[in-house]
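Take this structure first; my questions come after.
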Amino acid sequence: MSIKADELAKIAVLARLKVDPEHLQSLTQDLDQILHFVEQMNQQNTQSIEPLGNPLEQHQRLRTDCVTEPNQREALQSVCNTTEKGLYLVPKVIE
Amino acid sequence: MTRHLLTKAEASQPHLNSFITLCHDQAISAARAADEARTRGENSLLLGIPVAHKDAFCTAGIRTTSGSRMLSNFIPPYESTVSRKFKDAGAVCLGKTNMDEFAMGSSNENSFFGAVRNPWDLSRVPGGSSGGSAAAVAAGLVPAATGTDTGGSIRQPAAFCGISGLKPTYGRVSRLGMIAYASSLDQGGPLAHTVEDLALLLKVMAGLDENDSTSADAPVPDYAATLATPLQGLRIGLPREVFSETAHPEAARALQAAIAELEKLGATLVDITLPHTALSVPAYYVIAPAEASTNLSRFDGVRYGHRCDNPTDLEDLYSRTRAEGFGKEVQRRILIGTYALSAGYYDAYYRQAQRIRRLIKNDFVAAFSQVDTILTPVTPGPAFGLGAKTSDPVAMYLEDIYTVPTSLAGLPGLSIPCGFAEGMPIGMQLIGNYFDEARLLNLGHQFQLHTDWHTRRPDVTRITASAN
């Protein structure tokens, strides 16, 4: 399997990364080399093997559904200078 | 002492570049507070001890960048559990150490703040991604530092810089406030000269954190209490896949001498097999980027971090902010991860990698039914030159062959200096069973009682002397 420049352009849209057209070719080559390398995995028959997500096979700890945190909006928004009345500002989405 | 070390660290910056931020004022006031506590007759595990934190740990009020332009202006409103525990133990944080951007790298050349240099030879890399922490400890700028390890990022720089470093069992140390790279692999741990110091530092760092749902609910033993246990009868496994490879001859000789030393101390050597080792790096470079692409989706220019100028619309805000904020390797891994998780490729890449991950874990489970610990090199050879591998991502990835299997299995790995090759320090890795850090530290400490590799220091007089 090898990746084509137009395919990479699509992936870049999914990843929300603007790729300069001039870098597209060299990036495609890098990725193609990496994908080629990881495809060594296919030598291994894994048909009967269960995928392993958490190395300790732990399940997420659950807790009772109750409020434990105080409101920290001001502290958390202190690191952002594009807020107004406690809301984050983004470019206009609806015309 | 704090002032002296800050001056040394400052002077070393143009040569080593091991710090991203030095926090003079906070360090001096923390040192004063420690002095006052001591005068009052109080004591705690690290009272007044200078340390440095990898810049992946959020420190409230102190800039935390993760080595990225994306966070170059980020001052966290909260404290990571690890740095809070150090504070509570009385430690004095001198600064935040340099690292590969978002911990993605094996050479510390991927930092937005410039490469770190190896104090043993300034033309070589210190390893990565915790290269700043390893270089700072090796150069005597701090006696201890924190690091994070996803595929070898504590163990490999420790080996390249001639110091000791421990990646604990997955979940042993809280990840709260540790900027995420690959959440099923990331683990914080300590770097220091001696294993004895690592035992104290791990005691401070480890433990259950209710605010990290993957943090392990297992008691934290007194690691220092078992350091003196004799090694008589301890079974050390030597994986034949690792030792049959054509290795760097000088490094291999040093490692063999270290193994002979352990045998002399009473350990029994056992031939074992880890048959899926060769597939670990390919599987790692699918799983880690896949998790990274998800984790790093939070950086969108809206709530914190870099934001591009004059976005035309929301899509432009996201994609331009991310293109400007992330470096080349981070973008590569986000793209690989997005590809591996996308419809049509998920089974072939991500699922397959997770299946291989289980095979690798099963290899270790089988091996640990025969042995108590497993010994391997940390790296294929000594630290390489700056720029030697930057144009070939796969060559760089293969540097991780000995550290990645342990990470995928979630096992603890200790890296300690065991000799020299090309005039540079090299390390040996001791891998333990789950939550068996005490045994690794015991073994490492006994080795250090009978050898002096951990006492060797690079000559840094010129690079740490201040200009005046």
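Derivation of every value follows stated rules applied to the coordinates shown; laboratory data play no part. Since this is a predicted model, take the numbers as computed values, not measurements. Quick reminder, even Gly has a Cβ in these numbers, built from the backbone with ideal geometry, and neighbours come from all protein chains shown.
From the list B:E315, B:E263, which one is within 15 Å of A:I11 (Cα to Cα), free of Cβ contacts under 8 Å to residues at least 12 places away in the same chain and not polar (S, T, N, Q)?
Within the list B:E315, B:E263, the selection yields B:E315.
If A:A12 satisfies every condition in (1) more than 9 Å from chain B (Cβ to nearest Cβ); (2) within 23 Å of the chain's Cα centre (by Cα) but one, which is the exception?
With (1) more than 9 Å from chain B (Cβ to nearest Cβ); (2) within 23 Å of the chain's Cα centre (by Cα) applied to A:A12, the lone miss is (1).
Right, here's the next one. Report the residue count in the stretch B:406-416 for those that are hydrophobic (A, V, I, L, M, F, W, C) and within 10 Å of chain A (Cβ to nearest Cβ).
So the count comes out to 3.
Residue check: is B:E250 in contact with a strand residue (DSSP E or B) (Cβ under 6 Å, 6 or more places away or on another chain), more than 9 Å from chain A (Cβ to nearest Cβ) and surrounded by fewer than 23 Cβ atoms within 10 Å (Cβ to Cβ)?
Here the answer is yes, as B:E250 does meet what is asked.
Quick check, is B:I154 buried (at least 24 other Cβ atoms within 10 Å of the Cβ) and hydrophobic (A, V, I, L, M, F, W, C)? Even if it seems obvious, please write down each step before you answer.
Details: buried (at least 24 other Cβ atoms within 10 Å of the Cβ): yes; hydrophobic (A, V, I, L, M, F, W, C): yes.
So B:I154 fits the description; yes.
Let's see how each residue does on (1) more than 14 Å from chain A (Cβ to nearest Cβ); (2) polar (S, T, N, Q); (3) over 26 Å from B:L71 (Cα atoms):
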{"residue": "B:R124", "(1), (2), (3)": "yes, no, yes"}
{"residue": "B:A139", "(1), (2), (3)": "yes, no, yes"}
{"residue": "B:K167", "(1), (2), (3)": "no, no, no"}
{"residue": "B:L201", "(1), (2), (3)": "yes, no, yes"}
{"residue": "B:A225", "(1), (2), (3)": "yes, no, yes"}
{"residue": "B:T229", "(1), (2), (3)": "yes, yes, yes"}
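Taking the residues in the stretch B:386-405 that are within 10 Å of another protein chain (Cβ to nearest Cβ) and in contact with a helix residue (DSSP H, G or I) (Cβ under 9 Å, 6 or more places away or on another chain) as candidates, determine which candidate is surrounded by the fewest Cβ atoms within 10 Å (Cβ to Cβ).
B:D392
Being among the polar types (S, T, N, Q) and touching a strand residue (DSSP E or B) at 6+ places or on another chain (Cβ under 6 Å) is the filter here, so list the residues in the stretch B:66-85 that pass it.
B:S80, B:S83
Follow-up question, since we're still on this one. Of the conditions (1) of a type in the set (S, T, N, Q); (2) more than 30 Å from A:T28 (Cβ to Cβ); (3) away from chain A (no Cβ under 14 Å), B:N433 fails just one. Which one is it?
Tallying (1) of a type in the set (S, T, N, Q); (2) more than 30 Å from A:T28 (Cβ to Cβ); (3) away from chain A (no Cβ under 14 Å), B:N433 fails exactly one: (3).
Taking the stretch A:51-79, which residues are within 21 Å of the chain's Cα centre (by Cα) and either more than 25 Å from B:Y170 (Cβ to Cβ) or surrounded by 11 or more Cβ atoms within 10 Å (Cβ to Cβ) (or both)? Break it down into steps so the answer makes sense when it comes.
Let us first name the residues in the stretch A:51-79 that are within 21 Å of the chain's Cα centre (by Cα), namely A:51-55, A:60.
Scanning the stretch A:51-79 gives A:P51, A:L52, A:G53, A:N54, A:P55.
Continuing with this model, one more query. Scan the stretch B:132-151 residue by residue and report those that are in contact with a Ser or Thr (Cβ under 8 Å, 6 or more places away or on another chain) and surrounded by fewer than 24 Cβ atoms within 10 Å (Cβ to Cβ). Write out each step before concluding.
Within the stretch B:132-151, the first condition is being in contact with a Ser or Thr (Cβ under 8 Å, 6 or more places away or on another chain), and the residues that meet it are B:132-133, B:135-136, B:139-141, B:145-151.
Hit for the stretch B:132-151 is B:G140, nothing else.
A further question on this structure: Give the residues of the stretch B:382-402 that are among the charged types (D, E, K, R) and closer than 18 Å to B:G427 by Cβ, sorted by residue number. Walk me through it before giving the result.
Quick first cut of the stretch B:382-402, residues among the charged types (D, E, K, R) only: B:389, B:392, B:399-400.
Of everything in the stretch B:382-402, those that are among the charged types (D, E, K, R) and closer than 18 Å to B:G427 by Cβ turn out to be B:E399, B:D400.
In the stretch B:32-69, how many are over 19 Å from B:T148 (Cα atoms) and either charged (D, E, K, R) or surrounded by 20 or more Cβ atoms within 10 Å (Cβ to Cβ) (or both)?
The qualifying residues number 10.
When you scan the stretch A:63-74, do you find a residue that is within 7 Å of chain B (Cβ to nearest Cβ) and without any contact (Cβ under 8 Å) to a residue 40 or more places away in the chain, even just one?
No - not one qualifying residue is present in the stretch A:63-74.
Moving to a separate point now. Hey, which of the helices (runs of 4 or more DSSP H) in the stretch B:68-163, taking only ones fully inside, have at least 3 residues that are of a type in the set (A, V, I, L, M)?
B:131-138
Which of the residues spanning the stretch B:209-237 are aliphatic (A, V, I, L, M), surrounded by fewer than 16 Cβ atoms within 10 Å (Cβ to Cβ) and not in a helix (DSSP H, G or I)?
Selection gives B:A218, B:A228.
Going through the stretch B:364-385 one residue at a time, which ones are surrounded by fewer than 18 Cβ atoms within 10 Å (Cβ to Cβ) and more than 13 Å from B:F160 (Cα to Cα)?
Listed by number, the residues that qualify are B:V365, B:A366, B:S369, B:Q370.
Examine the stretch B:3-25 for a residue that is crowded, with 20+ Cβ neighbours inside 10 Å, part of a helix (DSSP H, G or I), hydroxyl-bearing (S, T, Y) and touching a residue at least 24 places away in the same chain (Cβ under 8 Å), and state whether such a residue exists.
Yes.
Of a type in the set (A, V, I, L, M) and more than 7 Å from chain B (Cβ to nearest Cβ): does that describe A:L24? So that I can check it myself, show each step before the final result.
Working: of a type in the set (A, V, I, L, M): yes; more than 7 Å from chain B (Cβ to nearest Cβ): yes.
In short, yes.
Next question. Can we say B:S415 is within 27 Å of A:L27 (Cβ to Cβ), crowded, with 22+ Cβ neighbours inside 10 Å and out of contact with any Phe, Trp or Tyr (no Cβ under 6 Å at 6 or more places or on another chain)?
Numbers: within 27 Å of A:L27 (Cβ to Cβ): no; crowded, with 22+ Cβ neighbours inside 10 Å: yes; out of contact with any Phe, Trp or Tyr (no Cβ under 6 Å at 6 or more places or on another chain): yes.
No, not satisfied.
One line per residue, one yes/no per condition, for (1) buried (at least 18 other Cβ atoms within 10 Å of the Cβ); (2) β-branched (V, I, T); (3) not in a helix (DSSP H, G or I):
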residue	(1), (2), (3)
A:L17	yes, no, yes
A:L24	no, no, no
A:L31	yes, no, no
A:I34	yes, yes, no
A:E39	no, no, no
A:N42	no, no, no
A:T46	yes, yes, yes
A:I49	no, yes, yes
